[in-house]
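Written below as structure tokens is the structure these notes are about.
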Amino acid sequence: MSGEIVQTEIIDSGYGKKFVKLLQLRREGKIHYVKEVEVNTELTLNNHRDYLFGDNSDIVATDSQKNTVYILARQYGIQSIEQFAILLCNHFLNKYQHVVATKVYIEEAPWKRIEIDGQEHVHAYLLSKTCTRFCEIKQKRNEIPHAISGLKDLRVMKTTMSAFKTFVNDEYRTLPDVDDRLFCTVVEARWWYSTVQNVDFDKAWEGVKTSILKVFAGAPDTGIFSPSVQNTLYLAEKEALANIPHIDKIEMTLPNVHYFSVDFNRFPKLEFSGCQNEIYMPTDKPSGNIRAAIQRKPSAKL
Ligand SMILES: O=c1[nH]c(=O)c2[nH]c(=O)[nH]c2[nH]1
């Protein structure tokens, strides 16, 4: 240690409670409604006395932030995770004048009603984890809230109508051109709203999910051809922006989860002719990883 006095400044800070879990139950007669969420809060203060000098007098304890989540859920209810996150941001900024910025991230547990003989149950649910819905709202003092919504862990696969060929052919390449391959990915998508006013966040979220599935799968009886993960990703993003007017930017990440064909030529003493079963080896790691964000072009000024 040189013992030299280092000159520093804090350039970013925030603190809050992570993973505040709560279940909201609303009983309307015999029909019950549930929402289970996990909330992360974060506040940024107008000074750093806490970090610099150990002066806690401006700290709204993370424990109090956690209590606030429960109290606002009780008082106002959770319509959509986005609305609840906006409510929390507003509350923290209005209640504490020395808070200059807030960030609230929420994930929702995908409870669906159990269906018995095609009929939805009034009070029994099944956790149907096709994917996780999340949102992140950021708001600075004297500014409007900015909303991002997203989905993750949406694992999809198709067994044909996917090819990958005519890519760089040099001394590093071993992968052959393929006309027909399995395509499996775990979709993560996040999108930015141009406004939070009069947005039906549930409808928008369903709209993006449907856009992604439609572009990935294509028509039920024929499918849709994918020349690469990159192209499918881009077309899914374009479809989402075409369908949901309140979104002006979207980013998607698509890992290319490889399924390698098992080579039965390695068993020369066995006879496989006439066997129709194709056997693949699912391989989680490594995976390709394809990412892109698109946004609406500012409309041309005449
Ligand atoms: O759709 C694909 N895009 C790639 O960039 C890539 N790279 C690779 O090895 N396989 C694939 N597939």
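The values are calculated or read from the model by the stated rules, or taken from the named source; none is laboratory data. Computed from a prediction, not measured in an experiment: that's the story for all the values here. Cβ atoms come from the backbone with ideal geometry, glycine included; neighbour counts cover every protein chain shown. Quick note on the areas: whole protein, heavy atoms, side chains included, nothing else; ligands and nucleic acids left out. Shrake-Rupley method; radii C 1.70, N 1.55, O 1.52, S 1.80 Å.
Across the range 115-123, coupling constants 3J(HN,Hα) worked out from phi with the 6.51/-1.76/1.60 Karplus curve, θ = phi - 60°, read 9, 10, 6, x, 10, 5, 6, 7, 8 Hz, and Gly and Pro carry x.
When the chain is treated as a GNM with alpha-carbon contacts under 10 Å, the residue of 163, 236, 189 showing the greatest mean-square fluctuation is 163.
As a length-normalised measure over Cα pairs under 8 Å and 6 or more apart, the relative contact order of the chain settles at 12 percent. Our coupling estimate for the range 262-272, obtained by passing each phi through the Karplus curve with A = 6.51, B = -1.76, C = 1.60 and θ = phi - 60°, is 6, 8, 7, 5, 7, 10, x, 7, 9, 10, 10 Hz, Gly and Pro reported as x. A Gaussian network model of the chain, with springs between Cα atoms under 10 Å, assigns the largest mean-square fluctuation among 286, 176, 245 to 176.
Please arrange 208, 196 by accessible surface area, largest first, computed with a 1.4 Å probe and ligands excluded.
On the way: 208 0, 196 30 Å².
Ranked list, largest accessible area first: 196, 208.
Measuring between alpha carbons in the structure, the pairs from 30/138; 17/214; 140/249; 138/203 lying more than 32 angstrom apart are 30/138; 17/214.
Scanning residues 5 or more positions from residue 125 or on other chains, those with amide H under 5 Å from its amide H are 114, with H placed 1.01 Å from N in the peptide plane.
Principal-axis analysis of the Cα atoms of the chain puts helix 229-243 at an angle of about 50° to the longest axis. If you take the Cα centroid of the range 136-196 and the Cα centroid of the range 3-57, the two points sit 29 Å apart. For the chain, the longest principal axis of the alpha carbon atoms and the long axis of helix 81-95 meet at an angle near 20°. Residues whose amide H comes within less than 5 Å of that of residue 188, counting only those at least five positions distant or on another chain, are 253 (H built at 1.01 Å from N in the peptide plane). Pop a pseudo-label 7 angstrom from the Cα along the beta-carbon direction at both residue 129 and residue 47 and give the gap in nm to one decimal. The modelled label-to-label distance comes out at 4.6 nm.
Would you mind checking 66/103; 103/238; 209/238; 103/297 for any pair whose Cα atoms are more than 21 angstrom apart? Checking Cα-Cα distances, 103/238; 103/297 exceed 21 Å. Using the Cβ-Cβ distance between residue 222 and residue 33 with R0 set to 30 Å, the FRET efficiency works out to roughly 0.15. Remark: the range 1-54 carries a charge dipole of roughly 660 debye about the Cα centre, counting +1 on each Lys and Arg Cβ and -1 on each Asp and Glu Cβ.
Taking max minus min of the alpha-carbon positions on each principal axis, the range 23-121 gives extents of 64, 20, 19 Å, largest first. Among the chymotrypsin sites (Phe, Trp or Tyr not before Pro) within the range 107-186, those in coil by DSSP and having at most 14 neighbouring Cβ atoms inside 10 Å are 167, 172. The distance from the alpha carbon centre of the range 200-225 to that of the range 61-108 is 32 Å, rounded to a whole number. Near residue 199, no amide H atom lies under 5 Å from its own; only residues 5 or more places off or on other chains count, and H is placed 1.01 Å from N. Calculated FRET efficiency, residue 277 to residue 21, Cβ-Cβ distance, R0 = 30 Å: about 0.10 to the nearest 0.05. Among 129, 140, 165, which one moves the most in a GNM of the chain with springs linking Cα atoms closer than 10 Å? Maximum among the listed residues: 165. Against the main long axis of the alpha-carbon atoms of the chain, helix 201-217 sits at an angle near 20°.
Remark: the Cα gyration tensor places the range 54-206 in the oblate category, a/c being 1.5 or greater and a/b not exceeding b/c.
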